[in-house]
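To start, the structure under review is shown below, and the notes come after it.
Read-outs: derived from the displayed coordinates by stated rules, not from any lab. Just so it is clear, the model here is predicted, and its values are computed rather than measured. Note that we place each Cβ from the backbone using ideal geometry, even for glycine, and neighbour counts take in every protein chain shown.
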Amino acid sequence: MSQNAVLTQGTVLARGDGGSPETFATIPAVAAITGPESTKAEIDVTDLSSSAKEYKGGLADFGRMTVELQYIPGDPIHTLIRNDFINAASPVRNYRLTFTNGKQWNFAAYVSGAPGNIAGDNVVRATLNLRLTGPVVES
């Protein structure tokens with residue numbers, strides 16, 4: 001059903017401020033998002049009566065999300081994200097990924113990396129590495 005395909009242009013990633021009620025601010029200049037790298041633990045339940053290895057699925061691990069962006073030094077949201085990375089407590093924040101069809105993925109994560117890339121004939125770029133903690137909830 002290609003008619004139901006969801007276009008990527010216009011997808012928005014937003015960072016929560018931790019307030020009550022929580023306010024989400026769009027992360028500007030996002031160029032690409034990869035992930036989450038979702039996996040599920042494999043629990044070995046093989047016993048002596050098994051004729052082959054047997055497994056059950058364990059807890060889901062939503063892994064990491066990589067966000068490529070055009071880094072804008074001094075941008076208020078980019079500065080908050082950079083400060084989250086620098087903070088030794090690695091604060092967990094709520095994030096919201098909104099697709100162009102209106103569906104959302106809501107998740108908590110901390111910034112586990114923020115390498116930059118400054119090259120000739122280009123713009124300043126950064127890769128935001130988010131380590132998800134807990135489930136990704138679709139709404």
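ALA29 falls short on exactly one of the conditions (1) touching a Phe, Trp or Tyr at 6+ places or on another chain (Cβ under 8 Å); (2) under 15 Å from LEU130 (Cα atoms); (3) of a type outside the set (Val, Ile, Thr), and that condition is (2). Looking across the range 1-49, the residues that are of a type in the set (Gly, Ala, Ser) and either surrounded by 10 or more Cβ atoms within 10 Å (Cβ to Cβ) or in contact (Cβ under 8 Å) with a residue 24 or more places away in the chain (or both) come down to GLY10, ALA14, GLY16, GLY18, ALA25, ALA29, ALA31, ALA32, GLY35, SER38, ALA41.
If you go through the range 16-31 and pick out every residue that is of a type in the set (S, T, N, Q) and farther than 29 Å from VAL123 by Cα, you end up with 2.
Yes or no, residue by residue, for (1) part of a loop (DSSP other than H, G, I, E, B); (2) within 23 Å of ASN117 (Cα to Cα); (3) among the aliphatic types (A, V, I, L, M):
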{"position": "VAL6", "(1), (2), (3)": "yes, no, yes"}
{"position": "LEU13", "(1), (2), (3)": "no, yes, yes"}
{"position": "GLY18", "(1), (2), (3)": "yes, no, no"}
{"position": "PRO21", "(1), (2), (3)": "yes, no, no"}
{"position": "PRO36", "(1), (2), (3)": "yes, yes, no"}
{"position": "GLU42", "(1), (2), (3)": "no, no, no"}
{"position": "ALA52", "(1), (2), (3)": "yes, no, yes"}
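Scan the range 64-82 residue by residue and report those that are among the β-branched types (Val, Ile, Thr) and either free of Cβ contacts under 8 Å to residues at least 24 places away in the same chain or assigned to a helix (DSSP H, G or I) (or both). I'd like the intermediate steps shown before the answer.
Residues of the range 64-82 that are among the β-branched types (Val, Ile, Thr), as a first pass: 66-67, 72, 77, 79, 81.
ILE77, THR79, ILE81 - these are the residues of the range 64-82 that are among the β-branched types (Val, Ile, Thr) and either free of Cβ contacts under 8 Å to residues at least 24 places away in the same chain or assigned to a helix (DSSP H, G or I) (or both).
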